Structure formats: C-alpha cells, structure tokens
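Throughout, read-outs are computed from the coordinates displayed, never taken from laboratory work. Note that the coordinates shown come from a computational prediction; the quantities given were computed from them, not determined experimentally. Cβ placement follows ideal geometry from the backbone for every residue including glycine, while neighbour counts extend to all protein chains displayed.
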Amino acid sequence: MIYILQIDTATTNCSVAISKNGKTIALKEVSNGYSHAENLHVFVEEILKESALSFSDLSAIAVSKGPGSYTGLRIGVSAVKGWSFALNIPLIALETLEVIAHQTDRNNGFVIPMIDARRMEAYTRVYDYNYNEVRSIEAQVLDEDSFLSYLEKGEVVFIGNKTEKIQGLIKHENAIFIDSLPSAKEMSSLSYEKYNNNDFEDVAYFEPYYLKDFLVTPEKKKI
C-alpha cells in the first residue's frame, strides 16, 4: 500500500489529506484566513490518528509548491521538508494551478485555473479538457480581452479564487466561472503518478515556486 501525506497551504485554505494508492481516504481543511501556522501540524496529527496510521506508514509526502501566498507556501514547504528528511521518505511537489484544474471534469473546451496575485493580476495556466498544458504559467494582468482566443474556440472554465474579478470583465457566452480554492484532496492521483515515476524533489534544495519576486511595502513614516 502506498500512503502519501498531502499538504496544500498555497492560499487561505489550509488543507491536509492522506491518499492510499492514488485515492483520497482522509481530509482535513479550513479556510479562515492565513492560520496555517496554527492548524497545519495539528491537522497532520489528527488525520494520521483518524486513519489509524503513523508517520512510519507513509511512503512519501506531497506538497502544493505554488504559485500562491508567500507566507503560506513557506510554512507548508518548510514542514514537508522537515518531515521528509526526518522520516527519510521522498518529497513530491505539485504545481498549485494543476491541483486546482483537477477540481473540474470536462469533456470539451479548456480549463483555466487562477490564483489571486492582487489587484487585477492573477497566476494562470491553460489546459485542454484532458489536462494537457496549452499555455504555461503566467502572472497575468486581466482585462476584457484576456483568453479571447480560447473563448472563441469553445467553452472555457475559469476556476480558482480570482473568478469574481474576471467575471466582471469577461462576458463571453463560452465562459464558465467556478470560485474555488486548491485542496489536498485533488493531489491524490497526481502525487501517486509522480511516486510511481520516481519523480521526487531534492529535499536540501527544494524551494516554493513563487513565480514573482516578493515585494515588501515600506512602512510609512510616522509624523
């Protein structure tokens, strides 16, 4: 049996799942702001106990590597690197947009997962309905002409936590909007496939995939 502990902290959703041979068997998650530091380790202990498993039963650990929240990604990646090293088990990394895309099941058109990058910018990627990459990840400023070339070819599902803003811009009849956050439960088949392909990360050098440089806004001087 291949048991994989799966972690997603890329957005406001703190999500932990366990998969068995590519199927999700347990899930704990909460989305109440960036409370990952308080919840992540508690969730891992609880989900292992509820599944009658221990750390020694795990075959690997998987993490959603980004893009997403800088703080959330750092917390998740730091935790899984520590567990992977201490347990001497493989570390698997999945792109967060791919995890989101697998929340919808289509038989035509395109799937465009989206993660808020503040203001009118989003991290986006374009897949066909079989989850084959059509366009690679971009940090993209959204406007009314965004993704027009795909919309003119057929239905396009926009899924993620940026859909409310883009829904106000894009009025095309082929546009479908699904508001969602990434979850560890969609990581199961993806992490199992990577496990079987020995597609693992180097724990010592693995870092989150931020996509954009972290910018710190200077504190305003008090008068």
Please verify whether the stretch 158-167 includes one or more residues that are touching a helix residue (DSSP H, G or I) at 6+ places or on another chain (Cβ under 9 Å) and without any contact (Cβ under 8 Å) to a residue 24 or more places away in the chain.
-> no
How about the stretch 1-109: which helices (runs of 4 or more DSSP H) wholly inside it have at least 3 residues that are closer than 30 Å to H172 by Cβ and touching a Leu at 6+ places or on another chain (Cβ under 7 Å)?
-> none
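Out of the residues in the stretch 98-110 that are of a type outside the set (D, E) and in contact (Cβ under 8 Å) with a residue 60 or more places away in the chain, which is surrounded by the most Cβ atoms within 10 Å (Cβ to Cβ)?
I100
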Residue satisfying all of: in the stretch 172-197; without any contact (Cβ under 8 Å) to a residue 40 or more places away in the chain and in a loop (DSSP other than H, G, I, E, B); nearest to the chain's Cα centre (by Cα) among these | N197
Residue satisfying all of: in the stretch 110-122; part of a loop (DSSP other than H, G, I, E, B) and more than 18 Å from the chain's Cα centre (by Cα); nearest to T163 (Cα to Cα) among these = M120
Is at least one residue of the stretch 14-25 charged (D, E, K, R) and touching a helix residue (DSSP H, G or I) at 6+ places or on another chain (Cβ under 8 Å)?
-> yes
List, please: which pairs have Cβ atoms under 6 Å, are six or more places apart or on different chains, and start with a residue in the stretch 38-52 that is on the phi > 0 side of the Ramachandran plot and end with one that is of a type in the set (S, T, N, Q)?
-> none
Residue by residue through the stretch 139-195, note down the ones that are farther than 18 Å from N107 by Cα and of a type in the set (S, T, N, Q).
-> Q140, S146, S149, N161, T163, Q167, S180, S183, S188, S189, S191
What are the residues in the stretch 123-171 that are surrounded by fewer than 18 Cβ atoms within 10 Å (Cβ to Cβ), assigned to a loop (DSSP other than H, G, I, E, B) and among the polar types (S, T, N, Q), if any?
-> N130, N132
Residue match in the stretch 75-84 (condition: closer than 19 Å to H36 by Cβ and free of Cβ contacts under 8 Å to residues at least 40 places away in the same chain) | yes
Residue satisfying all of: in the stretch 1-37; hydroxyl-bearing (S, T, Y) and in contact (Cβ under 8 Å) with a residue 40 or more places away in the chain; surrounded by the fewest Cβ atoms within 10 Å (Cβ to Cβ) among these | S31
